[in-house]
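Data block below; observations after.
Values quoted throughout were computed directly from the atomic coordinates according to the rules given, and no laboratory measurement underlies them. Values in this document were obtained by computation on a predicted structure and should not be read as measured data. We place every Cβ from the backbone using ideal geometry, glycine too, and count neighbours over all the protein chains shown.
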Amino acid sequence: MGLKYKRVLLKISGEALAGDKGFGLDQEFLGEICSSIKKATDMGVEIAIVVGGGNFWRGRHGKGMDRTTSDHMGMLATVINALALADALEAKGVPTRVQTAIDMRRIAEPYIRGRAIRHLEKKRVVIFACGTGNPYFTTDTAAALRAAEIDADAILLAKNVDAVYDSDPKVNRNAVKIDKITYLEMLNRQLGVMDSTASTLCMDNNIPVIVFGIKDPDNILRVLTGENIGTYIAREV
């Protein structure tokens, strides 16, 4: 089975880790995701992961809450998810390192680009937590930034929705699935797949993004082997 991508940045939303529960962690589903990641590493793929925190904290909860405070709380939520992912991967025999954009040396390494790349070269999965470490930036932007820094071949954007649609499929039953789209068209149509900062960063650094559904975790393997699922986003398609 041939590989299309050798080194990837896998972006997993916090909501995906909640499974059907909608909040917190679904341990069984977490195990399924980690089993698919293990299969990918066994195939020789170098995998870095950026994880969101929406299953614990999303946006500004509470009237009048300061945006910076809220974003810092969201960063801490990503650490919970990163540690849970690392624990589940290690339990399956996958060597893993967690790196955080905010120093918390008692529980994780600080983010250092050279060290992260060295871990990947040694076939360790590296999980990046705390987003970029700055408020006002999403974990999508963190995924784009880290992908550029580690020279990833592509970003795998794992979502609860199986692709990009021309409108919200949860609202519009007649929403049309989009197989391929350029960053410019996606931005012009305001499709809301990634925030504009993340999209522009990917476009400027020529990093393709594949959006696919994570409800079947083996979709990760299908994307890595070049199967046409989900939506392919690039500077030119």
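Figures for the structure shown
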item	result
Segment N205-A175, length gained on full extension (0.36 nm per residue, minus Cα span)	7.8 nm
Dipole in debye (nearest 20) - the stretch 7-234, about Cα centre, beta carbon charges: Lys, Arg +1; Asp, Glu -1	380 debye
Axial C-alpha extent at least 24 Å, average Kyte-Doolittle at least -0.5 - helices from the chain (DSSP)	67-91
The stretch 128-144 and the stretch 180-237: distance between their alpha carbon centers, rounded to Å	18 Å
Percent of Cα pairs exceeding the 25 Å cut-off, where the set is the chain	37 percent
Sparse-neighbour loop sites [trypsin sites (Lys or Arg not before Pro); the stretch 179-237; at most 16 other C-beta within 10 Å; DSSP]	R189, K215, R235
Placed amide H near L10: partners under 5 Å, 5+ positions off or other chain	A48, I49, V50, L156
Chymotrypsin sites (Phe, Trp or Tyr not before Pro) lying in DSSP loop within the stretch 131-237, provided at most 11 other Cβ fall within 10 Å	Y136
Stretch gain in nm, segment M43-D168, where the contour uses 0.36 nm per residue and the Cα spacing is subtracted	41.5 nm
Rounded to whole Hz, the Karplus (6.51, -1.76, 1.60) HN-Hα couplings of the stretch 220-232, x for glycine and proline	4, 5, 5, 5, 5, 8, x, 5, 7, 10, x, 10, 9
In Hz, Karplus ³J(HN,Hα) per residue of the stretch 185-194 (6.51, -1.76, 1.60; θ = phi - 60°; x = Gly, Pro)	5, 4, 5, 5, 8, 6, 7, x, 5, 10
Out-of-range pairs (alpha-carbon distance over 20 Å; input K11/K38; K39/K177; K6/K215; K123/K215; K4/K215)	K39/K177; K6/K215; K123/K215; K4/K215
The chain - percent relative contact order, Cα under 8 Å, separation 6 or more	23 percent
